[in-house]
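Bear in mind that the values in this text are calculations on the coordinates, not laboratory data. Keep in mind the model is a prediction, meaning the values are calculated, not measured. FYI the Cβ positions are ideal-geometry reconstructions off the backbone, even for glycines, and counts take in every protein chain you see.
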Amino acid sequence: MTKPILLSTPHIGKQEIEFVKEAFDTNWIAPVGPHVDAFEQEFCQLTGAGYAAAVSSGTAALHLALRLVGVESGDEVFCSTLTFVATANPVVYLGAKPVFIDSDRISWNMNPQLLQEALEHRARIGKLPKAVVVVHLYGQSADIEPILKACDRYDIPLIEDAAEALGATYKGHFPGTFGRIGIYSFNGNKIITTSGGGMLVSHDAELVKKARFLATQARDLAPHYQHSEIGYNYRLSNVLAGIGRGQLCVLHERVAARRHNFEIYQKTLGNLPGIEFMPEAIYGRATRWLTCLTIDPKAFGADREQVRIALAKQQIETRPVWKPLHLQPVFSECERIKGTVAENLFTYGLCLPSGSNLTTEDLERVINAITEIHYESEKYQFSLHHLK
């Protein structure tokens, strides 16, 4: 039976097991404990964040972040359109409405010029958004400086969704640490994982303190259970934090492995007609969490969906790039600022298997399969030509 090659699988080592064993040996199983505290501290040391709160998911972290900056029912929040739905869902949790900003072609992330123009227009009509959520997509930082400058001009808090970008850099610093609040995800498919989990970071100690309070059911200081405001059950467990501590130890190795995957793909597939890889912006270093490319069907001989289906028949998992949120039925009534770049990337874009535990044989199977699709198409077109 042919072994499936999956898109991005967890990659666990021995240190994670030792930390988890320690949690069991000490009976620290509850969603607090020494591993949680250490995970937060070590995460700050690694990323340069000031303070951190470990929570149950990246979505939970984003929900808390939006609430902490004051987003309420009826507000609007500007956010990237080319992203997973979890970026915008927490906006709706709070009764607010997302407004979607198109991508640039340099990084596939939010277009800073479009954001600046949209904020200028909103300022003129007296309808500024309550916050801006920028996504760092597929392991690459958005162009943070002009985005942050545009937000600061109107005193709008910037939240960074760095769920996919832990280990990337922007001018030598980690994305997620520039705005008012940053969030990360440790879902099973991310570059490091805690099975499920996330992190909220900020240079504002009071914000992070408040995040921990809200994430622990907003329990007041009292000998009994007393609650003066609504909270959530969002704290990360001590067991999962142990996994996270072990994963942090090998983050740089995981980044190196994924960048190596990309380099192999680029070297072997980059010369095929119609293939273009997601560019790496000159201002930073991408992790290549997922290797993404676009396929021009006229030049390649097959479109993105035909390639995806052909690979699936060979037990090779690939995915289209994110469907822009402004095209999602659930957000059909939301405003968008442009959108054609993101739509184009969705139409032609494909994510290849990119796990840090892929073998050389796995990569060869993917490469050979894609190459064969192209050459089989060439043969077909050649035969059609000679039949005329």
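Other residues lying with their Cβ under 15 Å from the Cβ of Thr193 contribute a combined charge of +1, Lys and Arg counting +1, Asp and Glu -1. Cross-link pairs exceeding 23 Å in C-alpha to C-alpha distance, out of Lys3/Lys313; Lys97/Lys171; Lys3/Lys267; Lys190/Lys323; Lys127/Lys209; Lys97/Lys127, comprise Lys97/Lys171; Lys3/Lys267; Lys127/Lys209. Descending by average beta-carbon neighbour count within 10 Å, the peptides 268-274, 288-294, 345-351 line up as 288-294, 345-351, 268-274, the highest first. Compared with the dominant principal axis of the Cα atoms in the chain, helix 205-215 is inclined by about 80°. Based on DSSP H segments of at least four residues, each scored -39500 (n - 2.57), the chain has a per-residue ellipticity at 222 nm of -12500 deg cm²/dmol. What is the helix-to-structure angle for 144-153, meaning the angle in degrees between its Cα long axis and the longest Cα principal axis of the chain, kept from 0 to 90 and rounded to the nearest 10? Result, in degrees: 50. With P(r) over Cα pairs in 20 Å bins from 0, in percent in mind, check (i) 29, 62, 8; (ii) 27, 60, 14, 0; (iii) 28, 54, 17, 1, 0 and report the label derived from this structure. Only one option fits the structure, namely (iii). Taking every DSSP beta bridge that has both ends in the chain, the antiparallel portion is near 55%.
Short-range pairs are left out: with C-alpha atoms under 8 Å and at least six residues apart, the relative contact order of region 14-250 is 29 percent.
Let me know the shape class of region 252-387, please: from the alpha-carbon gyration tensor, a ≥ b ≥ c as square roots of the eigenvalues, rounded when a/c is under 1.5, otherwise prolate if a/b is greater than b/c, or oblate. Oblate is the answer for region 252-387, as a/c is 1.5 or above yet b/c matches or exceeds a/b.
Taken as Cα centroids, region 195-254 and region 275-321 sit 35 Å apart, rounded to the nearest whole angstrom.
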